[in-house]
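Every number in this text was worked out from the coordinates using simple rules, so none of it is lab data. Note that the structure is predicted; figures quoted are calculated from it, not measured. Virtual Cβ from ideal backbone geometry, glycine too; neighbours counted across all protein chains shown.
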Amino acid sequence: RKLVGKLTTGCEEFDEMMGGGIESQSITEMYGEFGCGKTQVAHQLAVNVQLPPEQGGLGGSVVIIDTENTFRPERIEQMVRGLSEKHGIEYDPEEFLKNIHVARAYNSNHQILLVESASELANELKDSEMPVRLLIVDSLTAHFRAEYIGRGTLADRQQKLNKHLHDIQRFGDLFNACVIVTNQVMSKPDAFFGDPTKPIGGHILGHTATFRLYIRKSKGDKRIVKLVDSPNLPDGEAIMSITTEGLGD
Ligand code: GTP
Ligand code: MG
């Protein structure tokens, strides 16, 4: 078993709550309402993972499985410029963009297949200067939710989602990579899915995701990140900000 890596979020409180950062060889689930910042955190981690360990990164590249077409290269550029300012080092946004491998997933089956493609790429890059050390699935659940409607299909959906998560966990183990998945929750009770405080995917996701983070909006650019049901860390809350420069304290 390889040594677990820790990836900085760029927010000190957040890192501390996570015991130093997002852990490799584990799935970290971020859930919350639309616009709470899940995709923003994902973008920031795609940048940070490329930093050397001395700067909180894992010196690696990233695969993003983008199911909602929300990846924005311009946002990466802004965040890299933000980091340049923060560290007093002139980073090249183009270099960072080269190490972000984005794959659009058109439906849930395609999404499942893309984990295989990600593994192939990670195998190719294993001994390179930028091995894949982060896998992002944003959103994990949107396609599943859209495709599996009606009570008759619930068990089927859970079974597929469960297998998908299994594949994703395996990726994390195999490549000593961090894995981030996002899951939108509704603001109001939903007739079909029930309790809005429980993310879609329900119990199965609850057991598989090692770290579960509930993100909610606060004042201005502030966000509250809550660590829920972690196996080895105390539950806690952290306040982060999302600004032009990216994630911060
Ligand atoms: P869903 O995918 O709809 O569930 O939402 P999400 O949780 O992924 O939200 P997302 O990460 O897209 O957050 C959107 C919010 O991030 C916006 O409302 C802004 O507050 C903030 N944001 C997005 N882009 C920028 C930016 O370029 N600059 C700044 N300062 N804030 C941004
Ligand atoms: Mg999003």
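Quick notes on this one:
- Farthest toward the positive end of the dipole of the chain, out of Leu45, Met186, Leu247, is the Cα of Met186, where the dipole comes from beta carbon charges about the Cα centre.
- Angle between the chain longest axis and helix 154-174 axis [Cα atoms, degrees, rounded to 10]: 20 degrees
- Two-site FRET efficiency, Asn232 against Met130, from Cβ-Cβ distance with R₀ of 22 Å, rounded to 0.05: 0.15
- Net charge of Cβ neighbours under 13 Å - reference Thr67; Lys, Arg +1; Asp, Glu -1: -1
- Using only side-chain charges placed at the Cβ, +1 for Lys and Arg and -1 for Asp and Glu, the dipole size of segment 1-127 relative to its Cα centre rounds to 240 debye.
- Theoretical FRET efficiency, 1/(1+(r/R0)^6), r = Cβ-Cβ of Arg81 and Glu120, R0 22 Å, to 0.05: 0.10
- Taking amide H positions as modeled 1.01 Å from N, with prolines and chain starts lacking one, the residues under 5 Å from Ile27 and 5 or more places away or on another chain are Thr210, Phe211.
- Folded to 0 to 90 degrees: helix 108-125 orientation relative to the chain principal axis, Cα: 30 degrees
- Per-peptide average of other Cβ atoms within 10 Å, ordering 111-117, 28-34 highest first: 28-34, 111-117
- With the highest mean first, a sort of the peptides 136-143, 77-84 on other beta-carbon atoms found within 10 angstrom per residue produces 136-143, 77-84.
- The angle between the Cα long axis of helix 38-48 and the longest principal axis of the Cα atoms of the chain comes to about 30 degrees, rounded to the nearest 10.
- Adding -39500 (n - 2.57) for every DSSP H run of four residues or longer, then dividing by how many residues the chain holds, sets the calculated 222 nm ellipticity at -11000 deg cm²/dmol.
- The overall shape of segment 23-140 is oblate: from the C-alpha gyration tensor, with semi-axes ordered a ≥ b ≥ c, the ratio a/c is 1.5 or greater and a/b is no larger than b/c.
- The translational diffusion coefficient of the chain, from Stokes-Einstein at 10 °C and 1.306 mPa s with a Kirkwood hydrodynamic radius over alpha carbon pairs, comes to 88 µm²/s.
- Segment 50-101 shape via C-alpha gyration tensor axes, a/c threshold 1.5: oblate
- Across the cross-link table entries Lys6/Lys126; Lys6/Lys98; Lys98/Lys160; Lys38/Lys219; Lys160/Lys217; Lys86/Lys222, which are compared at the Cα atoms, the separations over 24 Å belong to Lys98/Lys160; Lys160/Lys217.
- Residue (of Cys11, Leu161, Ile100) at the positive-pole extreme of the chain, dipole from beta-carbon charges: Leu161
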